[in-house]
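Report on the following structure.
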Amino acid sequence: MEEKLIQRLESAVCRLEALSTGSSTVSRSLGSGDDAASEPSILAFEDLMRNCVRKVSDAAEKIGGQVLEVTRIVEEAFSVEKELLVTIKQTQKPDLAGLAGFFKPLNEVILKANALTAGRRTEFFNHLKTVADALSALAWIAYTGKESGMSMPVAHVEETWQTAEFYSNKILVEFKNKDQNHVEWARAVKELFLPGLRDYVKRFYPLGPVWNPAGKIAKAPTPSAPAPPPPSAPLFSTETSQASTRPKEGMAAVFQEISSGKSVTEGLRKVTDDMKTKNRGDRTGIVNTSEIGRRNLPSSSKKSVVAPNPKFELQMGRKWAIENQIGNKNLVISECDAKQSVYMYGCKNSVVQVQGKVNNITVDKCTKSGVVFTDVVAACEIVNCNGIEIQCQGSAPTISVDNTGGCQLYLSNDSLKSSITTAKSSEINVLVRGNDPDGDWVEHVLPQQFLHVLKDGRIETTPVSHSGA
């Protein structure tokens, strides 16, 4: 017993002597790159990359194309995150401006993934969107406390994946009976973030990264090379619902400032007294009759907007493109097969009939239009639309409605077991005939308002029912 006590005392004396040699030695030992790279948390992150990220890459190599391209961005993002974790162990915590510069490399990789989803949807849009949304989970590393305005690291990873999972599930539905390589890729991506990244953060950084108080000082980025502008708004941002116009909160606000490449007040001019309206002589407060006439000019005299050319064609034998059709209610696709898809975009007051089985149907950014189809193998998707009528005469495994106002779904008896998914939509009605195939349509209203209650540590969600007075 006494020998053990003596050994402990000698060990304590040795540590005190080491500390007394000077703070520079302590700083050098804590800030050593070799020591930081060999710590358990860094080695565990390398294991996460070696196992989970590699599994995603192996699945992507079997698919190729844009899926392989976006997977390379996943590899790059995790490599950048690892370097940031190592640097944090060697660096003192910077101020807010320093944090923006410190996390800029990670922000640029995330913007690179978002850029792939911009523009018109491609065949692998769901793959690109899954990665673009999921990579935001890596922003947990920027958590600095409640003042950061974001959820705690573990909760942030879980919440971010819930957004990405919407598109991941679409991949599973579309390729379930079509191509198992895509299914394998989607499952590998989910495994990477849940439980992979979530469990890693929960084990090593549940309260955020730990900076080195005796480390080096992080240098602020030089303003000579501003970051590129952020990518355009995502697909589900339309004229009536622009997600990019909403104020950013938490880590999104930090990343938005990073990508701007300048300070908040840079570029603003000071308003002098002579620039104020009350001091301007040319503003008398009297409305000129000629100005009223200019305001009330007929619409024909205004600058005309050239409408895009309508399109109705089969592209490369696989995709029916129906675009910019105005007032055309006689669009018929009579020759089609289960390997083809139908994409309807930017149409108004038009009706499309699909006489046969196709792989999937997508209705995007259409107004007061309708689609009548027989069977789909994967899904029928309605996004960014207003006033749409969809009639299924055969079967459809999945129907999804996203960012749409006013949608009537007419289902046949063969499609009563269809799975209907809605998000950010209103006025969605499902009409069925019941047992009598020749009977009247019976309307069922899908709820758009929900009640969330915290009960026994869990959130219980129930639709809100309304009754007339």
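Place +1 on the Cβ of every Lys and Arg and -1 on the Cβ of every Asp and Glu in the stretch 56-168, take the dipole about the Cα centre, and give the residue among 143, 166, 92 whose Cα lies farthest towards its positive end.
Checking the options against the dipole of the stretch 56-168, the answer is 92.
Could you compute how much accessible surface residue 184 exposes when probed at 1.4 Å, giving the result in Å² to the nearest 10?
Approximately 70 Å² of residue 184 is accessible to the 1.4 Å probe.
List the residues, sorted by chain then number, that are 5 or more residues from residue 427 or on another chain and whose placed amide H is less than 5 Å from its amide H.
Here 406 satisfy the definition.
Pop out the carbon and sulfur fraction of the accessible area of the stretch 300-453 as a percent, whole number, probe 1.4 Å.
Solvent-exposed carbon and sulfur of the stretch 300-453 make up 49 percent of the total.
Go through the stretch 333-432 and name the trypsin sites (Lys or Arg not before Pro) that are in a DSSP coil and have 10 or fewer other Cβ atoms within 10 Å of their Cβ.
Listed in order of number, the matching sites are 417.
Using r as the Cβ-Cβ distance of residue 217 and residue 79, and R0 as 35 Å, what FRET efficiency do you calculate, to the nearest 0.05?
Here the calculated transfer efficiency is 0.90.
Report the label-to-label distance for residue 51 and residue 181 in nanometres (one decimal), using points 7 Å from each Cα along the Cα→Cβ vector.
2.6 nm
Need one value: the accessible area of residue 194 in square angstrom, 1.4 angstrom probe, rounded to the nearest 10.
Only protein atoms counted, so the area is about 40 Å².
The values are calculated or read from the model by the stated rules, or taken from the named source; none is laboratory data. Quick caveat, the model's predicted, so the values are computed rather than measured. Reconstructed Cβ throughout: ideal geometry from the backbone, glycine too, with neighbour counts over all protein chains shown. The protein model used for the area step is the full one, side chains on, heavy atoms only, and it has no ligands, DNA or RNA in it. Shrake-Rupley method; radii C 1.70, N 1.55, O 1.52, S 1.80 Å.
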